[in-house]
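Worksheet for the structure shown next.
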Amino acid sequence: QRRRFVSDASHELKTPLASIRLLSDSISQSADMDSATMREFVADIGSEAERLQRTTEKLLDLSRRDDGVQPDVTIVDLQQAVHGTLHLLRPLADQSGVTITCLMSEGVTVRASEDDIYHIVFNLVENAIKYTPDGGTITVSLAKAGRDAVLEIADTGVGIPEADLPHVFDRFYRVDKARSRETGGTGLGLSIVKQIVRLHAGTVTVASEYGKGTTFTVQLPVK
Ligand code: ADP
């Protein structure tokens, strides 16, 4: 498993590096490149570097948790934590023409690190925005069910084909590679969510109807 992971990770890093190499070679080998083209190539180098940065940050994040580094655990009020994270994602939602609505119960608390809760919510809602076309809706709901806090992120987006559903939490798995690249995806977001939720003795599940929408449900033991 480790060998496969290293090989997948190397492959992920190889592609942007090859693009950067190609673009910089084009610039240095062309004697009379006009400045508009050159600026375009340099911008492309910048966005490939950004992808490398995002991927390496997420890989480091995963391996830190694999090593069992204990995060700072406190009592987290989920409604407040989710609101705080949604606030950061509003601009992206507005830009994409996607509406976010919230139905959240008060006073649902869990024992977790704030940072981990932020990662869970950020990854799931960012995906919901990325994979929901203009005019769509994302509904974030939070409730207590027995001894569990249940957080649901439902979107009216592109959905996930049934055959892909069992794999979406795998590292580097993407349903539509081209689309994921376009939206700056790394294929690591959901594997990080799963890893964090497990560390907190919770579960994360997905239900989806291709072409209609997707719902991710996170259950964490309440404190
Ligand atoms: P990525 O960085 O590619 O978004 P993730 O690990 O976050 O990687 O997600 C894995 C894949 O699952 C994505 O490439 C996408 O195909 C699919 N996916 C995740 N969330 C959604 C969603 N809300 N709607 C449709 N597809 C999704």
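The values are calculated or read from the model by the stated rules, or taken from the named source; none is laboratory data. Bear in mind that the values here come from a model prediction, so they are computed numbers and not experimental data. Cβ: placed from backbone, ideal geometry, glycine included. Neighbour counts: every protein chain shown. Side chains are part of the model used for accessible areas, which takes the heavy atoms of the whole protein and leaves out ligands, DNA and RNA. Shrake-Rupley method; radii C 1.70, N 1.55, O 1.52, S 1.80 Å.
Go through (1) within 13 Å of the ligand (Cβ to nearest atom); (2) open to solvent by less than 30 Å² (accessible area, probe 1.4 Å); (3) β-branched (Val, Ile, Thr) and name the single condition Val197 misses.
(1)
What tally of residues in the stretch 24-52 results from selecting those that are acidic (Asp, Glu) and more than 29 Å from Gly187 (Cα to Cα)?
Adding up the residues that qualify gives 2.
Of all residues in the stretch 174-194, which are hydrophobic (A, V, I, L, M, F, W, C) and either touching a residue at least 24 places away in the same chain (Cβ under 8 Å) or near the ligand (Cβ under 8 Å from one of its atoms) (or both)? Step through it out loud before you land on a result.
Filtering the stretch 174-194 down to residues hydrophobic (A, V, I, L, M, F, W, C) leaves 175, 178, 188, 190, 192-193.
Hits for the stretch 174-194 are Val175, Leu188, Leu190, Ile192, Val193.
Looking only at residues in the stretch 24-79 that are without any contact (Cβ under 8 Å) to a residue 60 or more places away in the chain and in contact with a Leu (Cβ under 6 Å, 6 or more places away or on another chain), which one is most open to solvent (accessible area, probe 1.4 Å)?
My answer is Asp44.
Any idea which residue in the stretch 121-134 is surrounded by the most Cβ atoms within 10 Å (Cβ to Cβ), counting only those that are within 7 Å of the ligand (Cβ to nearest atom) and outside any loop (DSSP other than H, G, I, E, B)?
My answer is Ala128.
Looking only at the stretch 200-216, count every residue that is open to solvent by less than 30 Å² (accessible area, probe 1.4 Å) and among the polar types (S, T, N, Q) and tell me the total.
Residues flagged as open to solvent by less than 30 Å² (accessible area, probe 1.4 Å) and among the polar types (S, T, N, Q) within the stretch 200-216 amount to 1.
For the stretch 135-147, does any single residue satisfy the condition of being closer than 26 Å to Arg65 by Cβ, within 13 Å of the ligand (Cβ to nearest atom) and surrounded by fewer than 19 Cβ atoms within 10 Å (Cβ to Cβ)?
Kept after step one, since they are closer than 26 Å to Arg65 by Cβ, are these residues of the stretch 135-147: 140, 142, 147.
Then drop every residue that is not within 13 Å of the ligand (Cβ to nearest atom), which leaves 140.
Of the ones still in play, those that are also surrounded by fewer than 19 Cβ atoms within 10 Å (Cβ to Cβ) are none.
No, there is no match, as no residue in the stretch 135-147 is closer than 26 Å to Arg65 by Cβ, within 13 Å of the ligand (Cβ to nearest atom) and surrounded by fewer than 19 Cβ atoms within 10 Å (Cβ to Cβ).
Condition (residue is within 19 Å of Lys223 (Cα to Cα) and touching a residue at least 24 places away in the same chain (Cβ under 8 Å)) applied to the stretch 93-103: is it met by at least one residue?
No: zero hits.
Might you let me know whether the stretch 140-150 holds any residue that is at pLDDT below 95, among the small types (Gly, Ala, Ser) and within 20 Å of Thr74 (Cβ to Cβ)?
Checked the stretch 140-150: no residue is at pLDDT below 95, among the small types (Gly, Ala, Ser) and within 20 Å of Thr74 (Cβ to Cβ).
Name the pairs: first residue in the stretch 157-173 and touching a residue at least 60 places away in the same chain (Cβ under 8 Å), second residue more than 7 Å from the ligand (Cβ to nearest atom), Cβ to Cβ under 7 Å, at least 6 apart or on different chains?
Close Cβ pairs satisfying both conditions: Arg171/Phe5; Arg171/Asp8; Phe172/Asp8; Phe172/Glu12.
Need pairs with beta-carbon distance below 7 Å; first residue assigned to a helix (DSSP H, G or I) and within the stretch 198-223, second of a type outside the set (Lys, Arg) and away from the ligand (no atom under 13 Å from the Cβ); sequence gap 6+ or separate chains.
Within 7 Å, no pair qualifies.
Residue by residue through the stretch 184-198, note down the ones that are at pLDDT below 90 and over 22 Å from Glu162 (Cβ atoms).
Answer for the stretch 184-198, where residues must be at pLDDT below 90 and over 22 Å from Glu162 (Cβ atoms): Gly184, Thr186.
If I ask for residues that are assigned to a strand (DSSP E or B) and open to solvent by less than 60 Å² (accessible area, probe 1.4 Å), which ones from the stretch 148-178 would you list?
Result: Asp148, Ala149, Val150, Leu151, Ile153, Ala154, Asp155.
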